[in-house]
Amino acid sequence: MVDVQGLVDELVSKLRRRKVEGSRATARLTAELLRSVISQSKLPATNQPATLIDAVRGVGEKLIAANPIELAVGNIVRRVLHIIREEGHSNARDAVEGFRLSVGGDNDYIVEQDHLNLSVAAQSSLCRPSLHALLERSPDSATTYFTANSEDDSEEKSKSLDPNARSLEFRRKVISAVNDLIEDINTCHLVIAELAVEHIHHNEVILTFGHSRTVKEFLCAAKEKKRSFGVFVAEGAPKYQGHLLAKELAARGLQTTVITDSAVFAMISRVNMVIVGVHAVMANGGVIGPVGLNMVAFAAQKHAIPFVVVTGTHKLCPLYPNNPEVSLNEMRSPSEVLSFEEFSDCMDYRIGTGASQLHVVNPAFDYVPPELVSLFITDIGGYCPSYMYRLIADYYSSDDVVIQQKHAS
Amino acid sequence: MDPRRASRTVSDPKIRQVGFFAPPPDRSLSGPPDPISTATTTAAAAANTSSSPPISDLSPSGNSLSPVMIPPPRHSSDTAHRPAPFPPASPPRRGTLSLTVGSYNNNIISSSPTASFCDESKGISVKVSPTSAASSFPGGGFDATAVKASSVPASGLTTVSVVKTLPPGFTETIVEKVGGSVEMQNDLPANSKPLKERTSKAERRALQEAQRAAKAAAKGSKLPATTSGAVASANAKPTKATKPPSQKNDSATVTSSEKKGGDRPPEKDRKKDAPHPRMQYDDKSRVEKAKRRAVVKQTEARNRVELFRHLPQYEHGTQLPDLESKFFQLDPVHPVVYKVGLQYISGDISGGNARCIAMLQAFQEAIKDYSTPDEKTLTRDLTAKINSYVSFLNECRPLSISMGNAIRFLKNRIAKLPLTLSESEAKAFLQSDIEQFINEKIILADKVIVKHAVTKIRDGDVLLTYGSSSAVEMILLHAHELGKPFRVVIVDSRPKLEGQLLLRRLVGKGLSCVYANINAVSYIMHEVTRVFLGASSVLSNGTVYSRVGTACVAMVAHEFRVPVLVCCEAYKFHERVQLDSICSNELGDPDAISKVPGREDINYLDGCTNSENLQLLNLINDATPSDYVSMIVTDYGMVPPTSVPVIVRESCRDQVWI
C-alpha cells in the first residue's frame, strides 16, 4: 500500500520550493497524485461521489496552497472533481436505468417517477449538467430534469441494488477517466502539433518568446511536413529559455534566429505570426505567460500581426483574473537581473538610515489581456478568446470554481 | 523674420544658380571667394559669437559636466606603454610582408583611405593622361616624400618609419584610384621601389591640382560647379568601366561633392555630401572594393541574418590586436584619430555624445598638427584628410547620425574658410570652431535640456528611463539637487546592460532607484508617471532612433497612457526619414547574445554558434514611431515630434550661415 499522505506531502513540498515548474509537469504530477488518492481512499457504501469529492478537494486545497501561482494544479483538481461528479451522475443514472430494467417496465408510474426524481436529485446534488452532458442525455430525461422537483428521499433504495459491484465500477470509471486526463496532458502537444500545417504557410516568419514544449512541437511538426519557414526566438530574460528553444529548433533544421527581448519591436515588423506558449489561460481569454509577453503582444497588435497562443486544455483556468499582474504573479530572485557581488555596495548604501535605495523588480509572469490575443490553438481545436468561458463550462463544474474559499468559509 | 529674408534673398541666387547658371564672375575654383560670401560669412560668424555666450564662460562649466566628457588620459598612457614591444618588431615585419606578398604588396600595405577620399582622387587623377603620369614618375620622387613627411609631424615615429611606412600606403591608395591602366603601369615599378612610385603619385596629384586651378582660372567665372561636376562624372566613366553602374553613380556624386572645395554652395554640399555615403553591404563588388582600402582588417561574420545582409557585420575581437600592432606603422591616419578609433572598437567610448566629442577633439588635435603640403590648398587637402579619418572611424564602428552631423559641420567650416587666411590662422579658426561646436551644441544644449525637462518633474513622480542616456542622467541629478522627491525606475536590457552603470551612479548620488529588466516593463509601468528617454538621433518624420529597446519601452508607456519625453540635443536631429529599424541599423557582436554574464547556468548556445541554422542577431538601435513620443525636449525647447522637421531646417540654416 502506498502512503497517500506521504505522496501528498512530497508534492506539496516540491511545489512550495518550486522544484516543479512548468504547467505541464505540474499538471501531470497532480493528476497522478489524485489518481492514487482516488484509488486509495476508502469509500463508504453510500454517497461515494460526495466522499470522493471531499477527499480530492482536501488534497487539492493543500496543493493549491503550496503554489497558488501554479494554476495548473487547481485546474487539474477541478478537472478531477468534475470527472467524479460526472461519473457519479452517470452512475446514478445507471442505477435508475438498471432499476427500470429490473422492474421490467410494468408501467408502474409511481415507481418510475420516483426514480426519475432520484436521478434528477443525484444530478443536481453533484453538478449542473454540462452542455456536453445535456446534449448526450436522452430527450425524455432532459425534459424530466426541467419539470421534476428534487426529493432526496429514496437514495438508499437505488444504492442498495448491488452496492458493491456499482462501487467498484464507479471507482474504476473515475480512475480510467483520470488516466485519460493524464494521457491528454502527456500528448496534448502532439495533438496540437497536428494542427500546425493548417496555420503555417510556406516562407513564413514566426516569432516566439521563451521556451515552450508545445511551441517547439508545433513548429517542428510544420517543419516535418516540409514547410520551410523562419523562426525568430526572443530569449526571454531572465530565464533565457529562448536559447534552449533556439538550439532545439536549429537541431531540427529550422532556420532560427535568436534576438534579444529588446529587439522584439524592431523585428516584429518583419514577422508574419507570433506563436507563444503560455503559463495559464484565464476564463476571460486573457493569458498568463512568461514575463515580457505583454510587450510582445502590444508590439504584435501595433503591427496587426496575429498573436497565437498554443495551449493544452489543462492550462485552462476557470478563474477570472483580477489585477493579475500582482495577484497571479511572483517575484523571482534579484540575482537573476543584478549581480549581488557587483552591487553589494549599493544594496547596503543606506543601511544606516534604514532607507533602501535600490530595489530590483524581477517578476516571473505577465498578463496579456484577451483583446491582444488573436487565437488559441488547443488540443480540441482553435478558439477565440471570447469562447474560452464556454470551454471552461465544459471542463469544469461551476461548483468547483472556488475551491479554497468554500472550505475556508 | 526680416533679417532672415534679407539674407536669403542675397544668398539664394548664388546658391541655386550654381550648377545651372553663370555664377558671379569673381568666383573661381581656386581663387579667393567672392566678397559677398566672405562678408556674409564673417558677419554671420560675428553675429553668432556675439549672440552666443562667450566660450570662456562655457568651458569651465563644460568640464564640470562629467557624463559627457571622455577621459582620454588612460588611453594615452596605454598607448604610451605600447611602444616598447613594437618599434623593434615593426621593421622586420614590414620586410616579411613585402617579401611574401610579392607584387601585391602595395595593395595590402595600403589599407586606409576612405571611400570618398579615393573616389575623389580617382576623379582627379583621370584628368592626367597616363603618359604624363608615367613621365612624372622618376621626377618628383624626393620632394613628394618630403611633403609627406611634413604632413605627418604629429606621429612620434617620423624618425624611422615615415619614409618606409607612410608613403606606400598613401601612394598605393592613389594608384588604386587612378584606374586600371595606370595601376598596371604603377605596379611594375612598385614592386621594386614603392617609394618612388608614391612620390610620383603625389606629384601627379599636385600637377593635377595645378592644372585644374589653371583651368578654372582660365574659365574664370564659368560654371565652376557644373564644370567640376561634369568633369567628375565624365572622368568617372572611363575609370569605372569595370565597375557596376550603381557604383558609378554613387562615386560620381561623392567626387563632385568632394570637389566643392571652398567654392561650392553649401546647400549643395548638404544634399550631396552625406557624411558617410551609406554603403550597402549586400553589394558584393563594393564591399570588395572597400575591403581593399580598409585599415581595419575585418573578417566577415560567418553566420549572418539574411534580413541584415545590407549592414556590415564583422567578427568582433579580431581587429583590435591587429590594429594595435599597426599603431606604429602609421597610415595617413593621425595617431589621435587612431586612438579614438581603437577606443570605439573596444567599446571604451560609447554613447552618442561621448563618441562625438571624442571624435571632434581628435580632429582638433589632428588639425593642430596639420600642415598643408606644397602646392595644395588647405581646404581641399584638409577635407580629404578629414574624410580619410572619418572613413577610418567608420570602419572601427559605424558612425552615429550625430557624428555625421558634426562631420558635416566641420567640413562646412573648412569649405567656408576665407582663403585669405594664413594656414595657422585657418587652423586656429577651425579649432575654435570645433571647440565652439562642442560647447554650444553639446554641453550648453544639454544644460538647456536639463532646464526644460526639470520643469516636467513633479513631486512624488516615478520616472522611468531606459538604458543610460547622459542627458537623462543630468536631468535626474539636477532634479535631485533641486530637492524634488521622486523615484527612478531604470529599465535595462541585454547585452549591454548600460542601465547598471547608470544605476550605480544614481544610487551613489542618493537617488532611490528601482531596477528592472525590459521584460518587466509592463509590470512596472503601472506605477510610473513619466518616461524619459535618450536618443541617438531624431529623424525628421519624428522617428526616434535610439538604443534598441527604446521602442518597446515607449510603446508600453503609450499603452499605459504614460507620457514619453525624449531628450535629445538638436545637433542629433537629421533630415533623414526612416520607418523601421531594419533598413538602417548597426549590428553588434553576435556572441554577446549567447553568453549571459553572471549566469553560467545559461549555456545552451555554447558550441552551437557554428550551426548553419542558428543565427544570433544583436541589433544596436531601433526606431521608435513618433506616435509613442509625447514630447521631444531639445535645446530649442520642448516640441512635439511633428515639429522636428522645423528644427532640422532651422539648424541646417544655422550651419550654413554660421
Just for region B:451-599, what percent of DSSP beta bridges are antiparallel, to the closest 5? 10 percent
Between region B:368-413 and region B:464-518, the Cα center-to-center distance that results, in Å: 36 Å
Can you put B:Y338, A:Y387 in order of Cβ neighbours within 10 angstrom, beginning with the fewest? A:Y387, B:Y338
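Inside 10 Å of the C-beta atoms of A:238-246, what's the mean count of C-beta atoms belonging to other chains?
Working: counts 7, 3, 10, 2, 3, 12, 3, 1, 10.
That works out to 6 on average.
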Within a 10 angstrom radius of the beta carbon, how do A:F340, B:F532, A:F232 rank from fewest other beta carbons to most? A:F340, B:F532, A:F232
Going by amide H atoms built from the backbone, whose H comes under 5 Å of the H on B:C567, apart from near neighbours? B:L533, B:G534, B:A535, B:V633
Taking 0.36 nm per intervening residue step and subtracting the Cα-Cα distance, what contour gain separates B:V287 from B:V646 on full extension? 125.6 nm
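FRET efficiency for A:H201 and B:D627, Cβ-Cβ distance as r, R0 = 22 Å, nearest 0.05?
Values: r = 30 Å, r/R0 = 1.36.
It comes out at approximately 0.15.
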Please list the non-local residues whose amide H lies under 5 Å from the amide H of A:F209, H modeled 1.01 Å from N, same-chain partners needing a gap of 5 or more. A:A234, A:G277
Please compute the average number of Cβ atoms from other chains found within 10 Å of each residue's Cβ in peptide A:224-233. 1
How high is the FRET efficiency from A:H359 to B:V448, r the C-beta distance, R0 30 Å, rounded to 0.05? 0.40
Which whole-Hz couplings ³J(HN,Hα) result when phi for each residue of region B:589-597 is put into the Karplus expression 6.51 cos²θ - 1.76 cosθ + 1.60, θ = phi - 60°, listed in order with x for Gly and Pro? 6, x, 5, 5, 6, 6, 9, 9, x
With +1 on each Lys and Arg Cβ and -1 on each Asp and Glu Cβ, how big is the dipole of region B:549-658 about its Cα centre, in debye rounded to the nearest 20? 420 debye
Can you compute 3J(HN,Hα) from phi for each residue in region B:381-397, using the Karplus curve 6.51 cos²θ - 1.76 cosθ + 1.60 with θ = phi - 60°, rounded to whole Hz and x for Gly and Pro? 5, 5, 4, 4, 4, 4, 4, 5, 4, 4, 6, 5, 4, 5, 5, 5, 7
Longer than 18 Å from Cα to Cα, which of B:K289/B:K385; B:K291/B:K368; B:K339/B:K368; B:K385/B:K416 are they? Say none if no pair is. B:K289/B:K385; B:K291/B:K368
Sorted by Cβ neighbour density within 10 Å, fewest at the top, the residues B:K441, A:K247, A:K223: A:K223, A:K247, B:K441
Report the extension gain between A:E194 and A:R16 in nm, rounded to one decimal, defined as 0.36 nm multiplied by the number of residues separating them, less their alpha carbon distance. 60.6 nm
Averaged across B:590-600, how many Cβ atoms of other chains sit within 10 Å of each residue's Cβ atom? 4
Could you derive backbone 3J(HN,Hα) for region B:612-629 from the dihedral phi with the Karplus parameters 6.51, -1.76 and 1.60 (θ = phi - 60°), listing whole Hz in sequence and x where the residue is Gly or Pro? 5, 8, 10, 10, 10, 10, 10, 6, 9, 10, 8, 10, 9, x, 5, 4, 8, 9
Counting only residues 5 or more places away or on other chains, whose amide H sits under 5 Å from the amide H of B:N618 once H atoms are built in the peptide plane? B:G588
For region B:592-658: Kirkwood Rh in Å [reciprocal of mean 1/r, alpha carbons]: 16.5 Å
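The numbers here are math on the coordinates, done by the rules we state, and not lab data. None of these values were measured; they are calculated from a predicted model. Reconstructed Cβ throughout: ideal geometry from the backbone, glycine too, with neighbour counts over all protein chains shown.
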